[in-house]
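Novice: Structure incoming, see below.
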Ligand code: ADP
């Protein structure tokens, strides 16, 4: 099959969170299964170019309608680990892809509506054919309005992309109603909708978890699937990870694993000016959005220190609502030999933290899948997680599960965190047998895409029965254009 992803992130060249990891990891896994995969991304001005091979201009004079005029675009193509990547550079007067950030601009809906439209224009003007067009979250959820044979991935239902029909009519996309919800329209128009864990699929069908789209999702339940994310087994591999001082793997004897983790921790502590102790080290690697519950992460930091442990928080995209709390915490961590709070996205440091830590805390209010618990486990770092979404499908409690790999709690409050964190610290500090069991269960489990990518293929097969059928539905496309032209 030939699959084309249209996305706003792809690790490691453009990543804000798990979406980027999924586009990259799933694509690689599909290639391993013998499929052809291409990825279309904006050519952001802050792309990490390392890893891109043979970057060259592959399409000039790509036009995109804009009001009564047209905008010129250029497509750059490259290869990343055998994946063809197409990067769209635009002459749009608002420079939508040159903001130094992927998300967080006031005109995000306009930026990504434009990207979606120009990506579709690229497919059409370059006569590209494919069996499946796979789009991700609200930024590219308009594509199913324009093309057939589409799969929409919901990585996070909270963000939906709200805009006005005027914004879209400028791009010659006609929409009914007075307000446009990109994700809702994507759900309605996509041929299949996949969300990123079986548990999250159940949650989003309820008023509590459905972020006001549960009715739309219930109406489209027949095409909704919950497939757990995997992690890329090469990118997240403690045996070969170039960011580690000491490499190790699940097949090493336990003492060697523990020794390698200790080496990495010593290296980390020196780098961050922390005291070199054998006390339990807990980490959090996260966006600091309300979904991730920054107050509970800070509570976990304080409690870990009270109980004699060390804590390192690597947090990006701080929600302004927590500015004061985060500032106070940063001040408190300054010159503290047992705690560090680093603000920003730091890929290299994240890898070293996963390897050096004993435990990782994820007290999310909701979590569609969550990757850090799986990455943590692959690196022998025990997850402490709230039971929600994909965390429920991946973290199994030390005291209640048959195949335990972590510590869980149900209610996202301080008492819940204490219940799981206290048990984790006790286990790491003074229960070597239990700790080894949890660590090895986590490390030996297959968290890769191996079993999950074939589930996507099954979904693709439901809409691409004929291998050479084109996803580019010029019929649907012209129909929308004609409607728009008629109304002029
Ligand atoms: P989400 O997609 O909601 O942000 P996930 O757990 O699904 O959360 O994926 C987060 C991904 O982003 C993981 O690969 C994690 O290591 C990475 N990540 C999150 N915050 C940071 C950060 N501050 N620095 C480096 N990597 C980060």
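Coordinate-derived values only; no laboratory data. Here the structure is a predicted model, which is why all the values come from computation and not from measurement. FYI the Cβ positions are ideal-geometry reconstructions off the backbone, even for glycines, and counts take in every protein chain you see.
Novice: Working from Cα positions, state the angle (0 to 90°, nearest 10) between the long axis of helix 432-444 and the longest principal axis of the chain.
Specialist: 20 degrees
Novice: Same structure, new question: Any idea how far apart residue 402 and residue 106 come out in nm if each label point goes 7 Å out from Cα toward Cβ?
Specialist: Spacing of the two 7 Å Cα→Cβ label points: 5.8 nm.
Novice: At R0 = 25 Å, how high is the FRET efficiency between residue 256 and residue 426 if r is their beta carbon distance? Nearest 0.05 is fine.
Specialist: 0.50
Novice: Remind me, relative contact order of the chain in percent, using alpha carbon pairs under 8 angstrom and six or more residues apart?
Specialist: Details: 981 pairs, mean separation 70.6, N = 488.
Relative contact order comes out at 14 percent.
Novice: Give the calculated FRET efficiency between residue 418 and residue 94 to the nearest 0.05, with a Förster radius of 51 Å applied to their Cβ-Cβ distance.
Specialist: The pair residue 418/residue 94 has a calculated efficiency of 0.60.
Novice: Continuing with the same structure: Return the whole-Å distance between the Cα centroid of region 32-71 and the Cα centroid of region 196-223.
Specialist: Answer, in whole Å: 32.
Novice: Compute the separation of the alpha-carbon centres of region 122-155 and region 267-290 and state it in Å as a whole number.
Specialist: Centre-to-centre distance over Cα atoms comes out at 40 Å.
Novice: Calculate the length of the line joining the C-alpha centroid of region 298-369 to that of region 386-405, in whole Å.
Specialist: If we compute the Cα centre of each part, the gap is 22 Å.
Novice: How would you rank 20-32, 132-144, 417-429, highest first, on the average number of other Cβ atoms within 10 Å across their residues?
Specialist: Details: 20-32: 22.9, 132-144: 27.2, 417-429: 20.5.
Top to bottom by mean Cβ count within 10 Å: 132-144, 20-32, 417-429.
Novice: Classify the chain as rounded, prolate or oblate, taking a ≥ b ≥ c as the square roots of the eigenvalues of its Cα gyration tensor: rounded when a/c is under 1.5, otherwise prolate if a/b is larger than b/c and oblate if not.
Specialist: Details: a/c = 1.84, a/b = 1.82, b/c = 1.01.
Prolate, because a/c is 1.5 or more and a/b exceeds b/c.
Novice: Starting from the 7 Å offset along Cα-to-Cβ, what nm value, one decimal, do you get for the label separation of residue 222 and residue 50?
Specialist: 5.0 nm
Novice: Continuing with this model, one more query. Which order, highest average first, do 48-60, 329-341 follow once you tally other Cβ atoms within 10 Å for each residue and take the mean per peptide? Kindly include the intermediate steps, with their values, before the conclusion.
Specialist: Numbers: 48-60: 11.5, 329-341: 16.4.
The densest-packed peptide leads the list: 329-341, 48-60.
Novice: If you don't mind, there's one more thing I want to ask. Kindly rank 108-117, 352-361 from highest to lowest mean number of other beta carbons found within 10 Å of each residue.
Specialist: Listed from highest to lowest mean packing, they are 352-361, 108-117.
Novice: If you don't mind, there's one more thing I want to ask. First check a/c for region 66-218, with a ≥ b ≥ c the square roots of the eigenvalues of its C-alpha gyration tensor; if it is under 1.5, answer rounded, and if not, answer prolate when a/b is larger than b/c or oblate otherwise.
Specialist: Prolate shape, in that a/c is at least 1.5 and a/b is the bigger ratio.
Novice: Right, next: Tilt of helix 294-306 relative to the longest C-alpha principal axis of the chain, in degrees (0 to 90, nearest 10)?
Specialist: 10 degrees
Novice: Under a plain spin-label model, where a point goes 7 Å from the Cα along Cα-to-Cβ, how far apart in nm are residue 124 and residue 178?
Specialist: 3.1 nm
Novice: Moving to a separate point now. At 222 nm, what helix-only mean residue ellipticity would the chain give, in deg cm²/dmol to the nearest 500, using -39500 (n - 2.57) for each DSSP H run of four or more?
Specialist: Helix-only estimate at 222 nm: -11000 deg cm²/dmol.
Novice: Hey, fewest Cβ within 10 Å first, where do 46, 267 land in order?
Specialist: 46, 267
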